Amino acid sequence: MDYIWDALKDAENRRVHRLALADGIAALEDPNAESWIDDRFAYGEERTLTLGLSRARVLLVVTTELAEDLTRIISVRRAEKYEERWYYEAKP
């Protein structure tokens, strides 16, 4: 899988969440990651939310698939406490 992101969005994500969009790659590639479609708003594109582990912390990553092997990373942030529980409780 290849990943891309907007440089301005990356700078904004670093400022707001103190994480680079590239930090989300490990979470997306976590074999135990949990993903679901984000249908809360009409974004004009299908967005996916993923909870995954990156450097011993659970991250929430927002992406959209541009092609079968190309994903655009939109946002990366640390998971909220309840999201961390979802991540760990979903594991056997």
- Message: Against the definition (under 22 Å from E80 (Cβ atoms) and either at pLDDT 95 or above or not charged (D, E, K, R) (or both)), how does R40 come out, yes or no?
- Response: no
- Just give me the residues in segment 9-35 being over 10 Å from V61 (Cα atoms) and in contact with a Leu (Cβ under 6 Å, 6 or more places away or on another chain), in sequence order. D10, N13, D30, E34
- Task: Could you tell me whether segment 76-88 includes any residue that is hydroxyl-bearing (S, T, Y) and in a strand (DSSP E or B)?
- Result: no
- Query: List, please: which pairs have Cβ atoms under 6 Å, are six or more places apart or on different chains, and start with a residue in segment 60-76 that is in contact (Cβ under 8 Å) with a residue 60 or more places away in the chain and end with one that is small (G, A, S)?
  - Reply: I73/G24; V76/G24
- Message: Checking the structure you have, find out if any residue of segment 23-33 is part of a loop (DSSP other than H, G, I, E, B), at pLDDT 95 or above, touching a helix residue (DSSP H, G or I) at 6+ places or on another chain (Cβ under 7 Å) and more than 20 Å from K81 (Cβ to Cβ).
- Response: no
- Task: Name the single residue, out of those in segment 58-74 being in a strand (DSSP E or B) and of a type outside the set (A, V, I, L, M, F, W, C), that is farthest from D10 (Cα to Cα).
- Result: E65
- Item | Matching residues in segment 6-63 - criterion: being among the hydrophobic types (A, V, I, L, M, F, W, C), over 14 Å from the mean Cα position of the chain (by Cα) and surrounded by 13 or more Cβ atoms within 10 Å (Cβ to Cβ) | none
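The values are calculated or read from the model by the stated rules, or taken from the named source; none is laboratory data. Bear in mind that the values here come from a model prediction, so they are computed numbers and not experimental data. For neighbour counting, all protein chains shown are included, and Cβ atoms are generated from backbone atoms with ideal geometry for every residue, glycine included.
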